[in-house]
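Let me begin by presenting the structure, written as C-alpha cells, before commenting on it.
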Amino acid sequence: MSERMLSVTMQINGEKVGPADLPEDLMLLEYLQEYLNLTGTRYGCGQGVCHACAVIHDAPGGPEVVPACITGVAWANGRSFRTVEGHATRDIDGNVTQLSAVQQAFLDHFSFQCSYCTPGFVAAATALVERLQSAPVAREDVEDVVLEALNDNICRCTGYVRYLEATRDVILNTPGLTTGQVASRDTAT
Amino acid sequence: MVQLSRRGFLKSAASSIVAVHVIPLHKALAELQSAPQHQPPNWIRDGKIRFRQDGIPKVTGNKVFAIDIRARDMPGWPDTQSHALLLRADRADRRFEGVNLAVLPEDLRPDALVTDAEVQRDNVSMTEEDFYGRLLLPAGEAPRYLGQPVALLIYHDYARFRRARRRLQFNPDALKYGDPVKLPDLAPYGGARYVRIGGDTPDAPDRFSPLADTTVFANFDQGNSPWPPADPDGDAGARAMAHAAALREELQNPPDGWSVYKGRYRSQYVDPAALEPDNGNAWYDPDKGALHIVVGTQSPFTNADHIEKMVKRSRFDLSELRLHPGYTVGYGQKEHHVLPYYVALAALYGEGRPVRLALDRYSHFQGAIKRHPIDTEMTLAVERETGLFQSLAADLRANGGGTKNFSPSVGQVAATALQGIHYFPKSDLSVQVDASRAPNAASMRGYGTLQSMVAFELLVDEVAGDLGIDPIELRRRNLMHSGMKNTQGAIPAGTMRAGELLDAAQADPLWTGRAERKQQFESDNPGYRYGVGVSCVQKDYGTGAEAALVQLEITPDGELHMRHVASEIGCGSTTSQMLMTQRHLGRYADRVDFAVTDWPSLPLHSRDQPYTISQEDQDRRAQDPHWVPRITSPRSASNSAYYFSHATTEAARLLFELGLWQAALSFWQEGIGGGQAGPLAVRRDEAEWRDGHLVAGALQPLPFADLARRAHERGLITGVTVHTFNRWAWATAEFEVDGTPVSGAIDALSVKWGEGADAAKKARMSDGGYAFQPRRQVEYPPVQRNNASVVYYAPVATMVELSVNTGSGEVQILSHKSWMECGNMIVPELVSGQLQGGIAMGIGHALYEELPLYEDGPGNGTWNFNRYRLPRARDVAVWSQQGEVIAPLSATDPPKGIAEVVMIPVVSAICNAVHDATGKRFHETPLTAERIKEVLA
C-alpha cells in the first residue's frame, strides 16, 4: 500500500521551500532534518514534551513556539517558521556574521553545556522577546515571565539558571520590552 | 584480510568535514570536534575567555552532534542515506522465535535484515561479550534481559523506514515468541569487601586495610557464602573476614557508652536521560575495506579498538577505520555503551551504503545505560558522650541489569564512597552487584556514589536527631581530617577541606534562622510544612587508571597548537584544556585538535589491563619504554579538570623548559660578557609570564612570538608530546634529551626540534615528525595501590529550603545554597554551570525520576518523557539558588573534578529537609508526592 502524499510549501527562515511531495503524516521535524538537512532543530522525545525541537511559527498574530516533532507538515503547509539556523545574521556563504541578541546572551552567560536543547531555548526566548515588543511587562515581573516562557524546555545539563538569567538580561536591557523605571544597566550577577 | 597496526588505520581519524548547502540561507556545517579548530573570533578579553570554545557553532545550531550528521555531510561518503531500526526483546519470559516480517506489507520489507544467523554466518561477534553481552539474540533462545537486541532492519530510504517503524513499534506481534521459560537464576556480576581496622589513633598504622593488605573479592561459585572463611592466622582474605566477623560481633554486643544505629536506604532505577539519544552513522566501503563511523560516545578510543577487533575476525575486510566522535552528552550513558557496535554492524550490512542508526526516545529508554538501584543497609556505632563514630558496617546490594558492563566496578566505588566526609576507626563494607533481566545499568554520573553517600547522609541526620546534636556539628566532629585514612586505608591527596564548608553552612542565615522561618512560613501558608535540610559529601574523581596524551607545538610565527585526547561531553573540558597552557607558556592554545585517537608522535602500546596486571608483570613491561599501562581514559569520572589538565600542564612545562626558556637565554646572553644576563643571577624559577611576555628578574621582557621564532631559528625544541598515567598517584619518569636530564610526572615523551635543527636531529624525528625519547627510568604506582580505590576528593555541601503540601504531598523547593571546594577553577562560569546543573539532576533523583525495573519498565519499549518526569526550571528554585566556591589554598592548588559530586548532597539535603518539614523519615527515593502523601495520611 503506497503512502498518501501531500504537496507542501512553506517558508523556512525567510525562504520559500517547496513545493515538495511529502507523506501527509510527516512531522515538521522530520522534514527539516531528513529532507532539508536542517538538523539544528533537535529530536528529544517525539512527544512535544521536552521542546528540544521547538521552532518559531510566525503566525499572523505574532511569533509562537511550536514543537516540530509533533507538528505535521500538513498543518505547516503554507506557514512560516524560523529554526535555529535562521536566527544569526550570515553572509552569502552561510558564515555567521552576527548572533541574535538571545544567542549572544546565551553565549555570554555560558548558558549551555552540551547544547542539545539550545535551539529550543533560542526559539522560546526569542519568541518571548518579540512578544514583549508589543506587550511590555513590568520590570519586577520579568523573572516570572521568563520562567513561564522557558519552563516547557527541558535542559539536563545546566540547571536552567544561565539560560534564564541571559533571557532576563536581554529583556531588561532592550528598550521597549519593559515598563517602569529603567536602571542604567541590569545584568545578572 | 589486511593486517593492520593500530596506528595504521586510526591515523586518519581527524579528517576534515565540510559544509553542504541545502538551502541558500545557511550552510550545513559538520563541525565535529575532531576537525582542527582555531580559537573563536574575539574570544579573549582582558586575558579571559568570553565564552566556551565550542559556543558559536552550538548556539547557532550547527552540526556538532553525531546525531546531526547525514551521509551527505561527510566528505567522500555516498550521498545516499540508509536507516537502521534496532529491534529489541520486550519480554524475557518466552523463547524468541524471530522477527515477524508478516506484520509488514511487501513494500516495507527491509532491504537488509541482520539477525544472529547472519552474524554467526559471517563470524561477526561482540568484542568482550562478557562485558557488553551478545550482539544479537539467536532464535530459539529466551531473551537474557528486557531490551536485548534481536535484529537490525535496514532501509535504503527514509520514507519506507519510518513507515516500517510505525508498523513495528509498540506492536506486540513484531517479534515472534515461543514457549514460556522459567526465569533463570543468575550469578551475581561481582562483589567486594573492604575491611579496615585502624590503629589506636588515626595516625597509627592500620591493623588491617585493603591498601596495606587486601580487598576481598566475592566468589559466588562456592557454598553458601561468597566470602572466604574467617581465619585470624590465614591469608589476607581470611584475616579480613576474621576482622569483619569481630567488628560485626562488636556491633551486636557494643561496649557501654556506644549507641548502635541501623539505617537503610533504597535508591531507585534511573535513566540519565541524555537529551542526545544514542546514535551513529556509518559507511562500510567494501571495495576498500574501509569503515567510517560517526558516533556519539564518551569512550571513542575504546570504541575504535573494539570495533576493530569485531570486524577483523569476521568475513569483512578491514583496511581502514575512521571514527569521528561528535560533541556529545552522556552523564555516563555513552561511556562504554554498546550502541557504537550496532552502528558498525549496520554499516557492514548496509550493502555499501551509509547507514544511520539513531534511537528514538522509546528505544533509548529501552536499551541505554541506567543508574544502578542500590539497597544499602548500615550499622553505625556512635559514642554517646562525644558523638564520635566508632564503627561502621554496611552491606550494599545493587542491581546491574542484563549485562555486566561496569557493574562490579560501580558497586565497589559505591562501597568505598559511602563514608563521605567522615572518619571511622574501623569499618566493614561489602557490596554485591546482581544480574537481572532489567535493561543494563552501568556508568551513570556518580558511579554508585550518589546511592551510598546519600544513604549515609540520611543516617547521620537520624543519629544527630537521636543524640540531640546539631546535624552539622555531628558531621564536623566526625570529619576525616587531612592525613586521616579512608575506609580503604589510604590517605587522601592534600588538604581535606569539607570542614570549611560545614562552617560556612552552619553560619548561614538559612540554617541559623530556620526555626523562625518555619514558624512564619507555616503560619502564612496553612496546609504547608516548611523544612530545611543539609548534607555534605566528598566524591572522588578519576578512574584509578587515568591516562592521557597531549601534544603541544609552537609555530615559527608564534602560534601554539595542541592535540589532545579530551573529547567534549558538555562540561567544557575542551575549553579548559585550551587555557591550561597559560601558566607555563603565557598563552592559550591557538589551534586545537580534540578527541584525537591517532598518536604517531608518541608510539606506545598497552594491553590496557591497569587494574589487573600483576606487580611482576608491570615491572617487567615497564622496561619497554614504549609500554604504558593504558593508552587513554574515557571521558568520565569527572576526570578532565585534574588529570587531563595535569597532562596539558606537564607538556607545557616541558615545552617551556626545553624550548622557550632556552630561546630566552639565547636572547639574554647575547653579546660580550654574557650579555644583559651576565651581571645577573638568572634563575629559571624567577621566570613568569606577564601580558604575553616572559619576564625574569630584571631581564628584558620577551614576547612569545620572538621566543617562538628564535626557538625555530636555533633548532631548539618546539614541540613535545607526553603521556601521563595515574593510579591514585602519578607515574614519574626520567629522560635524557640532547644530553640534558629531564624528569616529570609523565611516563612517555617525544620532542620536536624547530626548523633550524640540523640534519641529524631532523633524521631522528621519524615518529610523526617527532623523536621518541626512551625513558631511562620510570616509577609506576604499585599495583597494590588499586586497593586505595579513592584518594582524590572534592567536597560539596548543600542546604535546601522547601515546603511540603500536606494535602497533595508535593514538594516545592523554595531555595538552596551550596558551598564547594575545587582548587583553582579553570573557568569559573563552567564550574558554576556544573554546580547548577548537577543540583538540578539531583533534584530529579530526589523527587521525580524512577523507572520500574522489569516488565513495566523501560525494557518494554514504551517509556518516554511523558511519564519519566525530569526537573524543569520551575522545580529547581532557579531564581533563589546560590553557590559559593571557597578560595583555593594557593595559586598552584590544582583544579578538582566536580561534575559528579555537585549532584549528590542535594539529594540527601532534600530528604533531610522533608523530615524537618514533616517529621517523617524517608528511606527510599524519589520522594514523590504520592509517597509523601501516603506517609502523611
Q. Label-point separation (nm) for B:ASP185 and B:GLN120, each offset 7 Å from Cα along Cα-to-Cβ?
A. 2.8
Q) Sorted by mean Cβ packing within 10 Å, highest first, what order do the peptides B:833-845, B:399-411, B:81-93 take? A) B:833-845, B:399-411, B:81-93
Q) With Cβ to Cβ distances under 11 Å as the rule, what net charge do the other residues near B:GLU924 carry (K, R +1; D, E -1)? A) +2
Q: Determine which lysines satisfy two conditions relative to B:LYS762: a Cα distance under 19 Å, and not lying fewer than 8 residues away in the same chain.
A: B:LYS752
Q.
With just the Cα atoms defining each centre, how far is region A:31-100 from region B:497-549? Give it in Å.
A. 41
Q: Counting only C-alpha contacts under 8 Å and six or more residues apart, can you give the relative contact order of region B:546-788 as a whole percent?
A: 25
Q) How do B:516-524, B:874-882, B:144-152 rank on mean C-beta neighbours within 10 Å, highest first? A) B:144-152, B:874-882, B:516-524
Q.
Tell me the mean residue ellipticity at 222 nm calculated for the protein assembly as shown from its helices only (DSSP H runs of n ≥ 4, each -39500 (n - 2.57), averaged over every residue, nearest 500).
A. -7500 deg cm²/dmol
Q.
Give the residue list of GluC sites (Glu not before Pro) in region B:668-749 that are DSSP loop and have at most 16 other beta-carbon atoms within 10 angstrom.
A. B:GLU670
Q | Sequence-distant residues sharing a close amide H with B:ARG322 (under 5 Å, placed H) | A | B:LEU291, B:HIS292, B:ILE293
**Q.** Contact order relative to length of region A:1-152, as percent, for alpha carbon pairs under 8 angstrom and 6 or more apart
**A.** 23
Q: May I ask you to derive the FRET efficiency for B:ALA887 and B:ALA759 from their Cβ-Cβ distance with R0 = 45 Å, giving the value to the nearest 0.05?
A: 0.30
Q. Which whole-Hz ³J(HN,Hα) couplings does region A:11-20 yield from phi under the Karplus relation 6.51 cos²θ - 1.76 cosθ + 1.60, θ = phi - 60°, glycine and proline marked x?
A. 9, 10, 6, x, 10, 6, 10, x, x, 10
Q: Determine ³J(HN,Hα), in whole Hz, for all residues of region B:122-135 in sequence, where each value follows from phi through the Karplus function 6.51 cos²θ - 1.76 cosθ + 1.60 and θ = phi - 60°; x replaces Gly and Pro.
A: 9, 6, 9, 8, 5, 5, 6, 4, 4, 8, 9, x, 6, 5
Q) Taking the Cβ-Cβ separation of B:PHE170 and B:ARG50 as r and a Förster radius of 51 Å, what is the calculated FRET efficiency to the nearest 0.05? A) 0.60
**Q.** Cβ-derived FRET efficiency at R0 56 Å, B:SER743 paired with B:THR386, nearest 0.05
**A.** 0.75
Q.
Taking each residue in A:112-125, count the Cβ atoms of any other chain within 10 Å of its Cβ, then average. What number comes out?
A. 6
Q) Once label points are set 7 Å from the Cα along Cα→Cβ at both A:GLU140 and B:ARG591, what is their separation, rounded to one decimal in nm? A) 5.7
**Q.** Neighbour net charge for A:ARG82 - beta-carbon separation under 12 angstrom, K R +1, D E -1
**A.** -4
Q | Relative packing of peptides B:178-189, B:111-122, B:585-596 - highest average C-beta neighbours within 10 Å first | A | B:585-596, B:111-122, B:178-189
(Q) Checking the table B:LYS539/B:LYS817; B:LYS262/B:LYS920; B:LYS262/B:LYS518; B:LYS485/B:LYS817; B:LYS404/B:LYS896 against a 26 Å threshold on Cα-Cα, which pairs fail? (A) B:LYS262/B:LYS518; B:LYS485/B:LYS817; B:LYS404/B:LYS896
Q.
Which of the three applies to the protein assembly as shown, rounded, prolate or oblate, going by the alpha-carbon gyration tensor with a ≥ b ≥ c and a/c under 1.5 meaning rounded?
A. rounded
(Q) Hydropathy at least -1.0 by Kyte-Doolittle, axial extent at least 24 angstrom from the Cα trace: which helices of chain A, defined as entire DSSP H runs, fit? (A) A:118-134
Q: Summarise the partner chain shielding of B:864-873 as one whole number: the mean count of Cβ atoms from other chains within 10 Å of each residue's Cβ.
A: 6
Q) Taking the alpha-carbon centroid of each part, what is the distance from region B:230-280 to region B:43-62 in angstrom? A) 46
Q) For region B:217-292, what's the relative contact order in percent, using C-alpha pairs closer than 8 Å and at least 6 residues apart? A) 12
**Q.** Long-range HN-HN contacts of B:SER567 with modeled amide H, under 5 Å
**A.** B:ALA595
Q) What does the average come to when, for each residue of peptide B:568-576, you count the partner chain Cβ atoms lying within 10 Å of its Cβ? A) 2
Q: Calculate the spin-label point distance for A:THR174 paired with A:THR97, positioning each point 7 Å from the Cα along the beta-carbon direction, and give it in nanometres.
A: 2.1
Q | DSSP bridge pairs, chain B: antiparallel proportion in percent, nearest 5 | A | 80
Q.
Under the rule of at least 5 residues apart or a separate chain, name every residue whose amide H is placed under 5 Å from the amide H of B:SER391.
A. B:ALA381
Q.
Please report the net charge: other residues with Cβ closer than 15 Å to the Cβ of B:GLY446, K and R +1, D and E -1.
A. -1
Q) So, in Å, what gap is there between the alpha-carbon centers of region B:837-859 and region B:799-832? A) 18
Q. Going down the table (B:LYS312/B:LYS334; B:LYS58/B:LYS176; A:LYS16/B:LYS63; B:LYS176/B:LYS370; B:LYS309/B:LYS761), which pairs top 32 Å between alpha carbons?
A. B:LYS58/B:LYS176; B:LYS309/B:LYS761
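Read-outs: derived from the displayed coordinates by stated rules, not from any lab. This structure is a prediction, so every number in the text was calculated from the model and none was measured. Cβ coordinates were reconstructed from backbone atoms using ideal geometry, including for glycine residues, and neighbour counts include every protein chain displayed.
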